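The values are calculated or read from the model by the stated rules, or taken from the named source; none is laboratory data. As the structure is a computational prediction, the values presented were derived from the model and not from experiment. Neighbour counts are summed over all protein chains in view; Cβ atoms, including those assigned to glycine, are modelled from backbone coordinates with ideal geometry.
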Amino acid sequence: MSLTEQLRPARSATSPAEQVALETAATTRLLEAEGILDYSGHVSTRIPGRDAFTIQIGSTSRAEVSLEAMLVVDYDGKVLEGDGQPPSELPIHLEIFRARPDVQSVLHSHMELAIAFTMMEGVTLLPMRARASRWKSGIPVDPDPSHIKLPEQGRALAKTLGPHHAVLMRAHGLCLVAESVRALFIDAVHFKENAAAQMRVLQAGARPIPLTDAEIEKIERMEMRDWHIKKLWNYYVRKAIDEGILPPAWKDPLVPTKEMLKRDKMMK
Ligand SMILES: [Zn+2]
């Protein structure tokens with residue numbers, strides 16, 4: 001049975017494969033609503049227990065991705081389940097997943113705000129906002145401005161990404177990587193906030209003052225990443241259901257319960 005057939009009757013997702021497909025579809029719609037995706041860009045997530053990941057059909061509108069639009073693809077790029085073709089920039093996902101076993105989910109976006117930082121002489125995108133401590137190790141820029149359609153381009157991009165959590169792509173876009181698709185969505189929200197903050201400083205004609213190492217260390221001491229992800233995911237999913245961006249039937253499998261939203265400790 002295809003993933004689509006498995007998923008269609010099971011609106012309240014139950015298996016890990018169903019859950020990641022639903023969360024990846026929801027994340028795509030949420031990112032589109034936040035102006036981080038538009039007519040292109042895509043999200044992929046590894047399927048637990050399988051040598052495969054899920055990604056949308058390339059031609060499906062990012063505002064309308066549903067379970068029926070989610071494919072199961074292996075790490076050679078072969079579509080195992082689903083009825084459609086993956087995005088043409090699939091090598092981005094294949095090569096980052098190959099290079100980074102720690103990464104569970106990958107976003108490729110053409111966010112204009114971030115692209116601007118690849119086109120300004122002497123300007124580098126830096127961790128400015130507190131939540132941008134996530135990118136303390138750096139945000140490298142890949143020099144290839146073309147669409148990533150060949151395995152060697154994907155490998156070069158993955159090499160530029162290295163051990164970091166974000167990579168900009170000159171005059172083209174960016175990739176973010178995270179430990180889950182929910183975390184990836186929250187990171188994307190904060191990545192945009194941080195780029196906007198630095199752009200405002202530059203537009204004011206001022207010199208950006210990024211977070212210092214000491215400030216980052218203090219921020220991280222107070223960080224409750226897992227809870228923060230749950231809190232923001234709850235906010236964005238509920239809002240999107242109210243606004244008709246996500247179907248009401250997705251509420252049960254996506255919205256955290258009150259129990260799940262309890263903080264069990266104030267600090268790690
Ligand atoms: Zn692209």
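Structure summary
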| item | result |
| --- | --- |
| So I92, is it crowded, with 20+ Cβ neighbours inside 10 Å, closer than 18 Å to P208 by Cα and at pLDDT 95 or above | no |
| Looking only at segment 246-268, and only at residues there that are within 19 Å of the chain's Cα centre (by Cα) and buried (at least 17 other Cβ atoms within 10 Å of the Cβ), the one that is farthest from L31 (Cα to Cα) | L254 |
| Residue identified as more than 16 Å from the ligand (Cβ to nearest atom) and either in contact with a strand residue (DSSP E or B) (Cβ under 9 Å, 6 or more places away or on another chain) or under 24 Å from A26 (Cα atoms) (or both) among A183, A204 | A183 |
| Segment 73-114, subset in contact with a Gly (Cβ under 6 Å, 6 or more places away or on another chain) and assigned to a strand (DSSP E or B), residue nearest to the ligand (Cβ to nearest atom) | H108 |
| Qualifying residue in segment 182-189 (condition: buried (at least 16 other Cβ atoms within 10 Å of the Cβ) and in a loop (DSSP other than H, G, I, E, B)) | no |
| Check on V123, in contact (Cβ under 8 Å) with a residue 60 or more places away in the chain and in a loop (DSSP other than H, G, I, E, B) | yes |
| Contacts under 6 angstrom Cβ, first residue in segment 164-176 being farther than 8 Å from I115 by Cβ, partner outside any strand (DSSP E or B) and within 9 Å of the ligand (Cβ to nearest atom), 6 or more apart | none |
| Residue satisfying all of: in segment 231-245; touching a residue at least 24 places away in the same chain (Cβ under 8 Å) and among the aromatic types (F, W, Y); surrounded by the most Cβ atoms within 10 Å (Cβ to Cβ) among these | W233 |
| Failed item, numbered, when A130 is tested on (1) more than 29 Å from D51 (Cα to Cα); (2) touching a Leu at 6+ places or on another chain (Cβ under 7 Å); (3) away from the ligand (no atom under 15 Å from the Cβ) | (2) |
| Residue match in segment 251-260 (condition: hydrophobic (A, V, I, L, M, F, W, C), over 30 Å from G77 (Cα atoms), modelled with pLDDT of 95 or more and assigned to a helix (DSSP H, G or I)) | no |
| Set G58, G41, G49: member being free of Cβ contacts under 8 Å to residues at least 60 places away in the same chain, on the phi > 0 side of the Ramachandran plot and either within 16 Å of the ligand (Cβ to nearest atom) or more than 13 Å from the chain's Cα centre (by Cα) (or both) | G49 |
| Filtered residues of segment 14-49 (kept if surrounded by fewer than 24 Cβ atoms within 10 Å (Cβ to Cβ), at pLDDT 95 or above and hydroxyl-bearing (S, T, Y)) | Y39, S40 |
